[in-house]
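Accompanying notes for the structure given below.
The values are calculated or read from the model by the stated rules, or taken from the named source; none is laboratory data. This structure is a prediction, so every number in the text was calculated from the model and none was measured. For neighbour counting, all protein chains shown are included, and Cβ atoms are generated from backbone atoms with ideal geometry for every residue, glycine included. The area values use the complete protein model at the heavy-atom level, side chains included, leaving out ligands, DNA and RNA. Shrake-Rupley method; radii C 1.70, N 1.55, O 1.52, S 1.80 Å.
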Amino acid sequence: MKETTKRRVRGALIALVCFLLGGLVTLGVVWKVVGQDGRTLLQAYQLIRSEFVGEYDSQTHLETTLETMVDALGDRWSYYLTPEEAQQVKANRENTYVGIGITVGQNVEDGLEILRVTEGSPAQEAGLQAGEIIRGVDGQAITSDNRETMLSAIQGEEGTTVSLEVEGTDGARRTVEVTRQEIHGVTATWTMTENQVGLVTILNFYAGTADLVKQGVAALQEEGAQALVFDLRNNPGGYVTELTEILDYLLPEGNIFISRTSDGEEVTYTSDASCVDLPMAVMVNANSYSAAEFFAAQLRESVGAPVVGEQTSGKGYSQILFDLPDGSAIGLSTARYYTGKGVSLIGTGLTPDTEVTLSEEDQQRLLAGELTPAEDAQFQAAVAALGLS
């Protein structure tokens, strides 16, 4: 391995240690304060660099080391991202990114299930549909071990093409060529249904969602909505700032979110007296994560909003994405969060007031955006729970 490469890897590791220690910049200071574990890590690296006789890829070695460090925490919500993955994740969270326009789930073994296809996207133009499963990317099969890498591989530079092996809902497989382009995500939609019930669908809680939700609720109120039903099904969560802004807008005065860090520091978010004075209900399912299930829990706690659907996932930790010197990043669970009254969802999730499960066919239609409110058993149960059926 070239000496310049060795120096780059050594520098990255030293910089990583400095970063974790809050920005200490001299190796002498680091050596004194990292303790035995830190010195062991650095010595092991130095021995590999100076004594190992074989060939190895330094970047792969570094990435594997960092990924193993995070995996060893035993926390399913903490993760490591390569520089390319980190760049894509940050872009996605701004709800503007280069890709093909799909939302996927990782509950299918050896594949990525298409949960949603963005309207007007390259994926839609190529004929991809919700409910189908991506089994391979550019000739490489997806496994349980490489799904994150394959997900990153679907994204890429604008104008380039990705080849997907897709399994249809009938089990037949086909190869689909899709050209990547910039996607502008719409994170909230709304419509007025029968009985003057406003339906607000929130797709995630990343950048811009709060403004859209407030716009939608205001529009429905102007149309004469007598109640609101929020659809949080298949919502992966997002930013605390977007979540609390929406809760503050909707809910009356009181505590709406509590965050507690590992050192015991507590931050309480509150809502002012201004609120939306309408009956509300929330729909959730097993794919409602993090901010999505918390949204439902807080509406129920604050205004008695009935929750309809399926048991949620039980994610009660919030993560911060920390940048590393080489452009990679680690997402670490840094705080536990609780409802305004101190209730945690960790490991238990949210149990609906009215449990309703969609048929497999209707689940696929929901993912495809083809399930109308009149045909949606969970929505009809939510309306009934509001006493409006």
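Compare the peptides 297-306, 347-356 by average per-residue count of other Cβ atoms within 10 angstrom and give them in order, highest first.
In descending order of packing, they fall as 297-306, 347-356.
Hey, what's the per residue convex hull volume over the C-alpha atoms of segment 277-389, in cubic angstrom?
Residue-normalised Cα hull volume stands at 145 Å³.
Going by average Cβ density within 10 Å per residue, which order do the peptides 365-378, 200-213, 173-186 take, highest to lowest?
Final packing ranking: 200-213, 365-378, 173-186.
PRE reach from ALA141 (point 7 Å along Cα→Cβ): which of segment 87-128 fall under 20 Å by backbone N?
Backbone N within reach: 106-114.
All other residues with a Cβ under 13 Å from the Cβ of GLY216 taken together, and with Lys, Arg as +1 and Asp, Glu as -1, what is their net charge?
-3
Please compute the modelled spin-label separation between HIS61 and THR241, points set 7 Å along Cα→Cβ, answer in nm with one decimal.
It works out to 3.9 nm between the two label points.
At 222 nm, what value in deg cm²/dmol follows for the chain if DSSP H runs of at least 4 each add -39500 (n - 2.57) and the sum is divided by all its residues, to the nearest 500?
Result for the chain: -10500 deg cm²/dmol, rounded to the nearest 500.
So what's the Cα pair-distance distribution over segment 58-133, bin width 10 Å, in %?
Calculated over all Cα pairs of segment 58-133, the distribution is 16, 33, 36, 14, 1 percent.
If you average the C-alpha positions of segment 180-245 and of segment 301-360 separately, how far apart do those two centres end up, in angstrom?
Here the two parts' Cα centres lie 18 Å apart.
Hey, rough spin-label estimate for THR357 and THR161, points 7 angstrom out along Cα→Cβ, what's it come to in nanometres?
According to this spin-label approximation, the distance is 4.3 nm.
Considering only lysines 8 or more places apart in sequence, or on different chains, count the pairs in the chain whose C-alpha atoms sit under 28 Å apart.
6
What percent antiparallel are the DSSP beta bridges of the chain, to the nearest 5?
Antiparallel bridges make up about 75 percent of those DSSP assigns within the chain.
Between ALA218 and ARG174, with labels modelled 7 Å along Cα→Cβ, what's the label distance in nm to one decimal, could you check?
The two pseudo-label positions are separated by 4.4 nm.
State, in angstrom, two size descriptors of the chain derived from its alpha carbons: Rg to one decimal place and Dmax to the nearest whole number.
My reading of the Cα-based Rg and Dmax gives 23.3, 75 Å.
Taking a 1.4 Å probe, which of ASP272, ASP170 shows the most accessible area, and what order do the others take after it? Walk me through the intermediate numbers first.
Working: ASP272 80, ASP170 125 Å².
Per-residue accessible area, sorted high to low, gives ASP170, ASP272.
Specify which residue in the list THR161, VAL186, ALA335 is farthest towards the positive end of the charge dipole of the chain, using unit charges on the beta carbon of Lys, Arg (+1) and Asp, Glu (-1), about the Cα centre.
Checking the options against the dipole of the chain, the answer is ALA335.
State whether segment 341-389 is rounded, prolate or oblate according to the following rule on the C-alpha gyration tensor (a ≥ b ≥ c being the square roots of its eigenvalues): a/c under 1.5 gives rounded; otherwise a/b larger than b/c gives prolate, and the remaining case gives oblate.
Oblate shape, in that a/c is at least 1.5 and b/c is the bigger or equal ratio.
Roughly how many Å² is the accessible area per residue of segment 106-243, as a whole number, for a 1.4 Å probe?
For segment 106-243, the per-residue accessible area is 45 Å².
Would you kindly calculate the mean projected area, averaged across all directions, of the convex hull enclosing the Cα atoms of segment 187-342, in square nanometres?
9.6
About the Cα centre, and with charges only on the beta carbon of Lys, Arg (+1) and Asp, Glu (-1), how big is the dipole of segment 258-353? Nearest 20 debye, please.
Dipole of segment 258-353, to the nearest 20 debye: 240 debye.
Taking only the C-alpha atoms, wrap a convex hull around segment 89-247 and report its volume per residue in Å³ as a whole number.
124
Please work out the Cα convex hull volume for segment 268-326 and give it in Å³ per residue.
About 137 Å³ per residue, rounded to a whole number.
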